[in-house]
Amino acid sequence: MFQCDACGYGLRMAVVALALLPSSAVAGSFDLRINDVSGLDEPWPLVGGLPFPEGELGDASQIRIVGGDGVEIPAQVDVAATWRDGSIRWALVGFTSSPQGTYRVEVGPGVSRRAPTQPIRINRNDAGGLTVDTGAAAYEFLPDRLLPENARMRETVFLAASGDGAYLIDNRGRMARVAGATAELECEIIKQGPARAVLRREGWYVTADGDRVARAKAWFYFAAGSPYVRVTHSLILTEDTNDLWVRDYGLQFRAAETPREATFALGKADQTDDEWLSMKPIQAESFPKAAPDGGEVFMLQDVFPHFLEREARAIVGRGGPFEHEHSETDADGRVSSAHDRLHEAATVGD
């Protein structure tokens, strides 16, 4: 059994697990079960591993996914590990479909797999940037910024000027971002297939004076037919932490227009309630020291559950540069609301 997760614009996250039922399966096919805790019933990127006995299968093109109605679901299958004789030991399968669906895996001679009607396209431009188009959304990356600069769904732009959103503040109060020529950004396409694509981008956090503070590595996971992108980020400390440490860091995503609300998943596998926050402008009479057009939401999370751990704690909130309205979730999933004045550095942005 394994776990797969994804997040994307709108800051929604779902955690699902796929489990195989091999013993009673008919030869040439077996059930694929989704142990879902999200409750989502919409197309969602699903990724998981399929194990095979030694010598049973040598060609990944002879694997396909079929839905409960018997119709094939476009999928990408990659060989993840092989046996000594070269046959497939583990295959990695990815497809976009509802976590509430029922699925079967068909394998063997005579089985073929069709490509998605709108496969993922990665287009590079002369300036060194690239665009990832999933068919449902397109994300544009500039050559000198870590995060997507712009993103659109059809003709609607929902991210704008977000490329420099990876930031940190060190113990001296200096702001550093992964942006500009001195960040020395690198980009590698780790996986490019019809149904899945993965980018790895890395560079330096640099201050306005050009000083390197730390290094960033980020992975971006895309699925055909899905507007969402999953982002993982690693902060690599390169300096002596007795002299320099990080006081605050995060990823900012700037919306082209003010959304109606944002959603945060609080990281508890046994809790299906997400935290919703309105992004309507803050009223000056409610928060006298906040900008009337506020428009920022955030999540501060210092504990996240791993594997079977249950502890999780996060604060989500909204506000201007000085005052925030937030709710706090403790390890038992209890949510409390409050109005607090947070330190100015807790929220960094335009």
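Please give the number of the condition D85 fails out of (1) within 29 Å of M153 (Cβ to Cβ); (2) surrounded by fewer than 17 Cβ atoms within 10 Å (Cβ to Cβ).
All conditions pass for D85, except number (1).
Does any residue in region 115-130 that is farther than 21 Å from C187 by Cα come within less than 9 Å, Cβ to Cβ, of a residue that is part of a strand (DSSP E or B) and not polar (S, T, N, Q) six or more places away or on a different chain, and which pairs are these?
Listed pairs, sorted by first residue: P116/A75; P116/F95; Q118/D133.
Scan A183, A151, A138, A166 and give me the residue that is modelled with pLDDT of 95 or more, surrounded by 15 or more Cβ atoms within 10 Å (Cβ to Cβ) and touching a His at 6+ places or on another chain (Cβ under 9 Å).
On the way: A183 fails: touching a His at 6+ places or on another chain (Cβ under 9 Å); A151 fails: touching a His at 6+ places or on another chain (Cβ under 9 Å); A138 fails: touching a His at 6+ places or on another chain (Cβ under 9 Å).
After applying the criteria, what remains is A166.
In region 224-232, is there at least one residue being of a type in the set (K, R), at pLDDT below 95 and touching a Phe, Trp or Tyr at 6+ places or on another chain (Cβ under 9 Å)?
Step one: of region 224-232, the residues of a type in the set (K, R) are 230.
The next check asks that each one be at pLDDT below 95; those that pass are 230.
With touching a Phe, Trp or Tyr at 6+ places or on another chain (Cβ under 9 Å) added as a condition, the list becomes 230.
The answer is yes, given that some residue of region 224-232 is of a type in the set (K, R), at pLDDT below 95 and touching a Phe, Trp or Tyr at 6+ places or on another chain (Cβ under 9 Å).
Within region 178-230, work out how many residues are within 26 Å of P45 (Cβ to Cβ), aromatic (F, W, Y) and not in a loop (DSSP other than H, G, I, E, B).
4
Could you list, in sequence order, the residues of region 190-217 that are of a type in the set (G, A, S), more than 16 Å from S234 (Cα to Cα) and surrounded by 20 or more Cβ atoms within 10 Å (Cβ to Cβ)? First the steps, then the outcome.
Of the residues in region 190-217, the ones of a type in the set (G, A, S) are 193, 195, 197, 203, 208, 210, 214, 216.
Applying the additional criterion that residues be more than 16 Å from S234 (Cα to Cα) yields 193, 195, 197, 208, 210.
Scanning region 190-217 gives A195, A197.
Return only the number of the condition from (1) closer than 19 Å to A80 by Cβ; (2) without any contact (Cβ under 8 Å) to a residue 24 or more places away in the chain that V198 does not satisfy.
(2)
Kindly list, by first and then second residue, each pair from a residue in region 143-156 that is among the basic types (K, R) to a residue that is at pLDDT below 95 and surrounded by 13 or more Cβ atoms within 10 Å (Cβ to Cβ), limited to pairs with Cβ atoms under 7 Å and residues at least 6 apart or on different chains.
Correct list of pairs: R152/F158.
Could you list, in sequence order, all residues of region 17-38 that are over 16 Å from V107 (Cα atoms), among the hydrophobic types (A, V, I, L, M, F, W, C) and modelled with pLDDT of 50 or more?
Here is the first cut: in region 17-38, the residues over 16 Å from V107 (Cα atoms) are 17-19, 33-38.
Of the ones still in play, those that are also among the hydrophobic types (A, V, I, L, M, F, W, C) are 17-19, 34, 37.
Answer for region 17-38, where residues must be over 16 Å from V107 (Cα atoms), among the hydrophobic types (A, V, I, L, M, F, W, C) and modelled with pLDDT of 50 or more: L18, I34, V37.
Consider P99 carefully, then state whether it is within 30 Å of G28 (Cα to Cα) and in contact with an Asp or Glu (Cβ under 6 Å, 6 or more places away or on another chain). Steps first, please.
Values: within 30 Å of G28 (Cα to Cα): yes; in contact with an Asp or Glu (Cβ under 6 Å, 6 or more places away or on another chain): yes.
For P99, the condition - within 30 Å of G28 (Cα to Cα) and in contact with an Asp or Glu (Cβ under 6 Å, 6 or more places away or on another chain) - is met.
The values are calculated or read from the model by the stated rules, or taken from the named source; none is laboratory data. The model shown is predicted, which means the values in this text are computed figures rather than measured ones. Cβ sites come from the backbone with ideal geometry, for glycine too, and all protein chains shown count toward neighbours.
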